[in-house]
Amino acid sequence: MSRDQATRAAQMLGKIRSMASSLLCDVAHQIETGTGSGVDTGEVLRQEARLPQRESKKMAKVARRLQEMPKVRERFAAGQITVDHVNALANAAEKVGPQAVNGDDRLIEAADRLLPDSFDRHARRWSNEKLIERGVDPLERQRRAREAKLWVEKETGLGVLMAKVPRPQFEHLRQAIDHHYMAQLRQDGAGGRDPDQVRSPKQRVADVVFELLTNRDADTGEPVAGTVGVKAKASTQLILLAPLGVVDGTDPDGTCEIIGVGPVPPSVLTTLSPDTEVAGMIFDRAGRPLWLGRNQRLANAAQRLAVAIRDRGCFACGAPMHRCELHHIQEWHRDGGPTDIDNLAAVCRRHHKWLETNNLAVQRTTNGYQTRPRTGHDPP
């Protein structure tokens with residue numbers, strides 16, 4: 001097949017796969033309603049349809065919710081959206097009710113346009129906005145649901161730490177862990193290190209958590225030089241986006257959000273500490289130097305803030321901004337692209353390397369970004 005034929009075949013097969021998933025959900029509903037109470041629909045799907053356990057549980061949940069969302073069910077049956085789109089809508093329905101989801105045509109149409117990962121973030125953002133409109137504080141709900149557990153596995157003797165914390169706290173934790181993880185990664189990659197002593201990523205994260213909590217080296221138990229733990233100065237940052245009217249109180253009904261977390265009630269402003277940095281952002285070409293042209297290759301702090309507000313994270317996987325680099329859409333060396341915010345896209349380190357390895361170009365669309373194979377040759 002030619003590339004165009006292969007692309008059309010992939011589109012057709014994707015549609016058939018969605019239609020088959022829709023039929024499987026219908027069958028799951030029949031199993032649940034036709035066999036009486038007590039049947040584990042997910043387990044039946046796992047055994048008879050040979051689905052992985054996680055997939056079978058997702059199908060069973062989607063099947064139940066679909067009956068209350070006829071518009072979603074119709075699109076799913078036609079192969080217009082995938083089971084992952086429907087799962088995101090089902091999760092939103094659990095928060096705000098299936099009637100609200102089924103009655104919002106713009107939300108359902110967004111499922112037609114966006115890829116599953118992007119739509120999952122879109123649906124979570126939408127449901128949080130609906131909760132705030134109803135006077136429900138999603139952060140307060142998370143705060144009340146926070147929990148942590150410590151136990152020892154009987155089989156291995158390993159100690160286990162599990163914690164659930166509100167998203168703003170989690171983002172601080174994740175940034176602190178990532179910051180220390182990169183230092184450990186550089187240490188593991190130093191020359192002359194015994195390959196057998198190089199830790200796996202999971203082992204490295206476990207050591208990082210221990211060292212941040214105890215300020216002791218995970219290998220030797222000795223105090224860590226430089227105090228990386230609780231005595232260390234925090235190297236984390238959250239970006240809270242709020243219009244001026246919300247900040248000064250002239251627009252009490254305005255909305256705000258934490259980048260990477262989602263919409264939050266304006267009352268979150270009252271929780272900010274006195275030393276919080278406040279920056280004004282002007283969304284046009286006047287004011288701050290966001291258009292640097294060819295004078296500078298690397299973006300400045302103001303540009304990074306602007307791209308964070310616009311892209312929210314990696315365009316390919318949604319990784320948070322602290323893990324992202326800024327990629328020139330019209331590339332600096334190859335295409336002579338400028339360092340302007342409308343020529344910059346947030347991309348994580350892994351997908352930045354993926355773009356280079358696969359010789360892919362990025363282009364902006366009305367729904368975000370997409371990639372395509374590069375044409376031509378590298379310049380001398």
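Rule-based calculations on the coordinates, nothing more; no lab input. Since the model is a prediction, treat every value here as computed from it, not as a measurement. Glycine also receives a Cβ, built like all others from the backbone with ideal geometry; neighbour counts cover every protein chain displayed.
With springs connecting C-alpha atoms under 10 Å apart, model the chain as a Gaussian network and identify which of Gln175, Gln296, Gln11 has the largest mean-square fluctuation.
Comparing Gln175, Gln296, Gln11 in the GNM, the peak value goes to Gln11.
Grab the beta carbon distance between Ile16 and Lys202, set R0 = 35 Å, and tell me the FRET efficiency rounded to 0.05.
0.40
Just to confirm a number: summing +1 for Lys and Arg and -1 for Asp and Glu over residues other than Leu238 whose beta-carbon lies under 12 angstrom from that of Leu238, what do you get? Spell out each step's value before the answer.
Numbers: positive: Arg167, Arg174; negative: Glu171, Glu257, Glu277.
Charge balance in the 12 Å sphere: -1.
Magnitude of the Cβ-charge dipole of the range 301-373, K/R +1 and D/E -1, about the Cα centre, nearest 20 debye?
Working: 10 positive and 7 negative charges, 60 e Å.
The dipole of the range 301-373 has a size of about 280 debye.
Roughly speaking, what is the stretch gain from Asp105 to Gln187, that is 0.36 nm per residue apart minus the C-alpha to C-alpha distance, in nm to one decimal? Please report the intermediate quantities before stating the final value.
Values: separation 82, 0.36 × 82 = 29.52 nm, distance 5.17 nm.
Extending this stretch completely gives an extra 24.3 nm.
Cα gyration tensor of the range 10-136, axes a ≥ b ≥ c as square roots of the eigenvalues: rounded (a/c below 1.5), prolate (a/b > b/c) or oblate? Provide the component values of the computation, followed by the final result.
Values: a/c = 1.99, a/b = 1.33, b/c = 1.49.
Oblate.
Taking 30 Å as R0, compute the FRET efficiency from the Cβ-Cβ separation of Thr375 and Arg350 and round it to 0.05.
The computed FRET efficiency comes out at 0.75.
Could you tell me how far the Cα centroid of the range 74-144 sits from the Cα centroid of the range 9-54, in Å?
After rounding, the separation between the Cα centres reads 21 Å.
Pull out a ≥ b ≥ c, the square roots of the eigenvalues of the alpha-carbon gyration tensor of the chain, then state rounded if a/c is under 1.5, prolate if not and a/b is larger than b/c, and oblate in the remaining case.
Values: a/c = 1.34, a/b = 1.19, b/c = 1.12.
Here the chain falls in the rounded category.
Checking the cross-link filter: which aspartates and glutamates have an alpha carbon closer than 17 Å to that of Lys57, excluding same-chain neighbours under 8 positions apart?
Partners found: Asp26, Glu32, Asp40, Glu43, Glu48, Asp84, Glu94.
Can you check what the net charge comes to around Leu115, using other residues whose Cβ is under 12 Å from the Cβ of Leu115 (Lys, Arg +1; Asp, Glu -1)? Don't skip to the answer; put the middle values down first.
Values: positive: Arg113, Arg121; negative: Asp84, Asp112, Asp117, Asp120.
Cβ neighbours under 12 Å give a net charge of -2.
Under the definition of Cα pairs under 8 Å and six or more residues apart, what whole-number percent is the relative contact order of the range 10-136?
Working: 128 pairs, mean separation 30.1, N = 127.
Reported relative contact order: 24 percent.
Can you tell me how much longer the chain between Val136 and Ala163 gets when fully stretched, taken as 0.36 nm per residue apart minus their C-alpha distance, in nm with one decimal? Write out the running numbers ahead of the final one.
On the way: separation 27, 0.36 × 27 = 9.72 nm, distance 2.36 nm.
Length gained between Val136 and Ala163: 7.4 nm.
In percent, what relative contact order does the chain have, based on Cα pairs under 8 Å that are 6 or more apart in sequence?
Values: 434 pairs, mean separation 31.2, N = 380.
For the chain, the relative contact order is 8 percent.
What is the local net charge at Ala218, summed over the other residues whose Cβ is closer than 12 Å to its Cβ (Lys, Arg +1; Asp, Glu -1)? Please list the in-between numbers first.
On the way: positive: Arg199, Arg204, Arg216; negative: Asp207, Glu211, Asp217, Asp219, Glu222.
Result for the local shell: -2.
For the range 301-373, rounded, prolate or oblate, judged on the Cα gyration tensor with a ≥ b ≥ c (square roots of eigenvalues), a/c < 1.5 rounded, else prolate if a/b > b/c?
Details: a/c = 1.44, a/b = 1.17, b/c = 1.23.
Here the range 301-373 falls in the rounded category.
Counting each DSSP H run of 4 or more residues in the chain as -39500 (n - 2.57), what helix-only mean residue ellipticity at 222 nm follows after dividing by all residues, to the nearest 500 deg cm²/dmol?
Details: 15 runs with 181 residues, N = 380.
Calculated at 222 nm, the ellipticity per residue is -15000 deg cm²/dmol.
Given the options Val27, Val86, Val152, state which has the largest fluctuation in a GNM of the chain using a 10 Å cut-off (strictly under) for Cα springs.
Looking only at Val27, Val86, Val152, the largest GNM fluctuation is found for Val152.
Spit out the partnerless Cys residues in the chain, using Cβ distances under 4.7 Å as the pairing rule.
For the chain, the answer is Cys25, Cys256, Cys317, Cys324, because their Cβ atoms have no other cysteine Cβ under 4.7 Å.
In a GNM of the chain with a 10 Å cut-off on Cα contacts, which of Asp137, Asp311, Asp335 has the highest mean-square fluctuation?
Judging by the Gaussian network model, the answer is Asp335.
Tell me the relative contact order for the range 289-370 as a rounded percent, counting alpha carbon contacts under 8 Å between residues six or more apart. List each step's numbers first, then the result.
Details: 115 pairs, mean separation 25.4, N = 82.
So the answer I get is 31 percent.
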